[in-house]
Amino acid sequence: MKKFVVFGNPIAHSLSPEIHRMFGESTGIALQYTRCQVDIGGFERAASAFFADPQAVGCNITVPFKQDAFDFAEQVDDAARLAGAVNTLKKENNSILGFNTDGIGLVNDLTSHRLPLRHCRIILLGAGGAARGVIHPLLNAGVSHIAIINRTAATAEKLVKEVGDQRVSVAQPAEAAMGEANIIINSTSASLTQELPQGLLQINMEKTQAVYDMVYHSEPTAFMHYAARQGVPVQVDGLGMLVEQAAAAFTIWTASQPDTTPVKRYLREQISQRQSR
Ligand code: NDP
C-alpha cells in the first residue's frame, strides 16, 4: 500500500484526501492518503517521521508549511525555486524531491476551459506565493507577456526582478488601462473575504476573454461578478486548479495520469451542497 499525507494547520477542511481517493480508484492504484495537522515549528519532525515509513511515497503541504517543505527538500523544481515554496514532496532513492504543482494546475485548468495560452497577454493580480508558483509554468505554456499588479508595488517589483525575464513586468497604470489583456488572473487572497482586489478598477477589460480567480466558493466570487458586469465572457474559479495541482502531484508520485473531469464535477456538487445545508 502506497502511503500519502497532507500536512497543514488547520487541515480539517482539506479536500486532498477525497481527491486522491478518487484518483486511486480511477487508476487502480491502492493508496492510503491522510490529513495531518502539524504544530507551528513542527514540520521537519512530522515530515521526517512520515518518510521513515518504508511505504511512504509522498506528501502535500499546505498553509503555513510550504516554505518549511522547501527547506526540507534536497532538490526542487524551477517553479518551487521561484516560489520559495513546495506543495509536493516525493521520496526517491532515499532522497527527498520538492515540487510546486500550483502553476501546472492552473495551466491545465485553463487549458481544460479551452483558453489558449500561446501568445496570450496576462494580467496577474497579486505577487504572493501563489503568483510566484504560476509564473514559470505560464511562460512555459507560451504566454507572451505577464503584467503584475500588486497592492504593495514593491513586492511586485522584487518579484519581477527575481524572475529576470523580459516577458514579465510590473503593470503600469497606462498599460492596464489599454485593455490588451486576454486573461486576467486573480492570485490575491481578496476573494476569501469577497473583496475586490486593489487595482482591479483601473483595468480595462475590453479585450479580455476570461478571468480566473484562484479562490473558489460555492458561488462566483466578487471578482468574477465584477468581470461579468464588465462584459468578460468567461469567468472561472480555482476549484479546477485545486484538482489539477493534485493530479500533477499524483503523476509525480505514481507516473499515472488520473482523469480530473469527474473529480471536478463531484467536488463542485459537494461544495454547493455544503453551502445549501
Ligand atoms: P500570500 O499571502 O502569499 O499572498 C497574498 C497576495 O494577495 C499578496 O499579493 C497580497 O498583496 C494580496 N492581497 C491580499 N488582500 C488583498 C486585497 N484586498 N487587494 C489586493 N491584494 C490583496 O497568499 P498566496 O499567494 O499563497 O495565496 C493567494 C490566494 O490563492 C489564496 O486565497 C489561496 O487560497 C489561493 N490559492 C489557490 C490555489 C488553488 O489550487 N485554487 C493554490 C494556491 C493558492 P500584498 O503584497 O500587498 O500583501
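What follows is calculated from the coordinates using simple rules that are stated; it is not laboratory data. These numbers come from a predicted model, not from an experiment. As a convention, Cβ positions derive from the backbone with ideal geometry for all residues, glycine included, and neighbour counts pool all protein chains shown.
Below are the figures for this structure:
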| quantity | calculated |
| --- | --- |
| Residue ranges of helices (runs of 4 or more DSSP H) in the range 16-78 with at least 1 members more than 30 Å from T261 (Cβ to Cβ) | 43-51, 66-72 |
| Those residues of the range 148-165 which are in a loop (DSSP other than H, G, I, E, B) and near the ligand (Cβ under 9 Å from one of its atoms), in sequence order | N150, R151, T152 |
| P116 surrounded by fewer than 24 Cβ atoms within 10 Å (Cβ to Cβ), within 14 Å of the ligand (Cβ to nearest atom) and more than 21 Å from K158 (Cα to Cα) | no |
| Search result, residues across the range 88-109 that are among the aliphatic types (A, V, I, L, M), buried (at least 24 other Cβ atoms within 10 Å of the Cβ) and within 11 Å of C59 (Cα to Cα) | L89 |
| Test: A85 is crowded, with 17+ Cβ neighbours inside 10 Å, within 9 Å of the ligand (Cβ to nearest atom) and in a helix (DSSP H, G or I) | no |
| Residue, nearest to the ligand (Cβ to nearest atom), within the range 177-198, restricted to residues that are over 14 Å from A227 (Cβ atoms) and among the hydrophobic types (A, V, I, L, M, F, W, C) | L192 |
| Filter result for the condition that a residue is over 20 Å from L139 (Cβ atoms), surrounded by fewer than 20 Cβ atoms within 10 Å (Cβ to Cβ) and in contact (Cβ under 8 Å) with a residue 12 or more places away in the chain, over P64, P54 | P64 |
| Residues that are crowded, with 21+ Cβ neighbours inside 10 Å and under 26 Å from I19 (Cβ atoms), drawn from the range 191-238 | S191, V211, Y212, D213, M214, V215, T221, F223, M224, V236, D237, G238 |
